[in-house]
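What follows is one structure encoded as structure tokens, with my remarks underneath.
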Amino acid sequence: MVDGRLRLTLAAEELFAERGIDAVSLREINAAAGQRNASALQYHFGDREGLLRAVLARHHPSVEAARHALLDAFEADPPPEPLRPLAGAFVRPLAACLAEPGGRRYLRLLDQVVRRATPGALRASTQEPTSVNRWRELVGPLLPEIAVTRLHRRFTAIRVTYTELARRAETGEGRDERLFTSHLVDVVASVLATPVSEETSALMEP
């Protein structure tokens, strides 16, 4: 039997993914979960942000484990051309979520979360898994300082990843996602590796 907390989490996951994190009332989630007690959601989660954290926490562990494993392998044997493997370490654990409905809803929620945040706010957020911070630290020294401090290129790579995966997640399951995933890794690697142009550099001068 599914307990009340899980019912609320599953109902929120579906409604948040379909209609938007901020577009669904807590009363609607309570009703969709079949909870007669109007305060059940507040009792279990406190507020909307607590509920959102619980929804994301259902999927974080598998993504975390997969990304940490890829980053462990990267650090154990650093490749001569590191940016594409690092792009893959970020993208591939998330792309694996396309294989099932709950994972696709998770991807759509992640896109909403990143669109709500500024670069600094995302990094400080308790919703951001530790493997993302680890990935940031490995990527940072490989980029020009201006790309890190002024252009927030790692944040751009994260946004591209979440946006493209969310778009893909809106379509049906059962497809071979290898080509899509490999191409997305290419795109993210390009975002990280593209040199800062003279025009962009000039525009950033005081």
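Using a 1.4 angstrom probe with every protein chain in place, what is the largest-first accessible-area order of HIS183, HIS152?
From most accessible down to least: HIS183, HIS152.
Calculate what fraction, in whole %, of the accessible area of the chain sits on carbon and sulfur atoms when a 1.4 Å probe is rolled over the protein chains.
After summing per-atom areas, the C and S share lands at 54 percent.
Can you give me the angle between helix 130-139 and the longest principal axis of the chain, using Cα atoms only, in degrees from 0 to 90, rounded to the nearest 10?
Helix 130-139 sits roughly 10 degrees off the main axis of the chain.
Could you state the angle between the C-alpha long axis of helix 178-193 and the longest principal axis of the C-alpha atoms of the chain, as a value from 0 to 90 degrees rounded to the nearest 10?
50
Mind checking which of ARG168, ARG105, ARG19 has the largest fluctuation in a GNM of the chain, springs on alpha carbons under 10 Å?
ARG19
Using 0.36 nm per residue, how much length does the chain from LEU179 to ARG150 gain when fully extended, once their Cα-Cα distance is taken away?
7.2 nm
Could you grab the Rg to Rh ratio for region 130-185? Cα atoms only, Kirkwood for Rh.
Reported Rg/Rh, Kirkwood definition of Rh: 1.08.
To the nearest 10 square angstrom, what accessible area does SER25 show with a 1.4 Å probe?
40
Per the helix-only calculation at 222 nm, which mean residue ellipticity applies to the chain, given -39500 (n - 2.57) for every DSSP H run of n ≥ 4 and division by its residues, nearest 500 deg cm²/dmol?
Taken over the chain, the calculation gives -21500 deg cm²/dmol.
If you fit an axis through the alpha-carbon atoms of helix 153-169 and take the longest principal axis of the Cα set of the chain, what angle between them do you get, 0 to 90°, nearest 10?
50
For mean projected area of the Cα convex hull in nm², the listed values are (1) 13.6; (2) 15.6; (3) 10.4; which was obtained by calculation from the structure presented?
(1)
Would you tell me the accessible area of GLU145, worked out with a 1.4 angstrom probe on the heavy atoms of the protein chains, in Å² to the nearest 10?
140
Could you grab the relative contact order for the chain? Cα pairs under 8 Å, six or more apart, rounded to a whole percent.
In percent, rounded to a whole number, it is 23.
Between beta-carbons, use under 12 Å as the cut-off and find the net charge around VAL188, counting Lys and Arg +1, Asp and Glu -1.
Neighbourhood net charge equals +3.
Which whole number in µm²/s is D for region 4-55 by Stokes-Einstein, with the Kirkwood Rh taken over Cα pairs at 4 °C and 1.567 mPa s?
It comes out at roughly 125 µm²/s.
The values are calculated or read from the model by the stated rules, or taken from the named source; none is laboratory data. Owing to the predicted nature of the structure, the values given are computational and were not obtained by experimental measurement. A quick note on method: Cβ atoms are made from the backbone with ideal geometry, for glycine too, and the neighbour counts reach across all protein chains shown. With ligands, DNA and RNA removed, areas are computed over all heavy atoms of the protein, side chains included. Shrake-Rupley method; radii C 1.70, N 1.55, O 1.52, S 1.80 Å.
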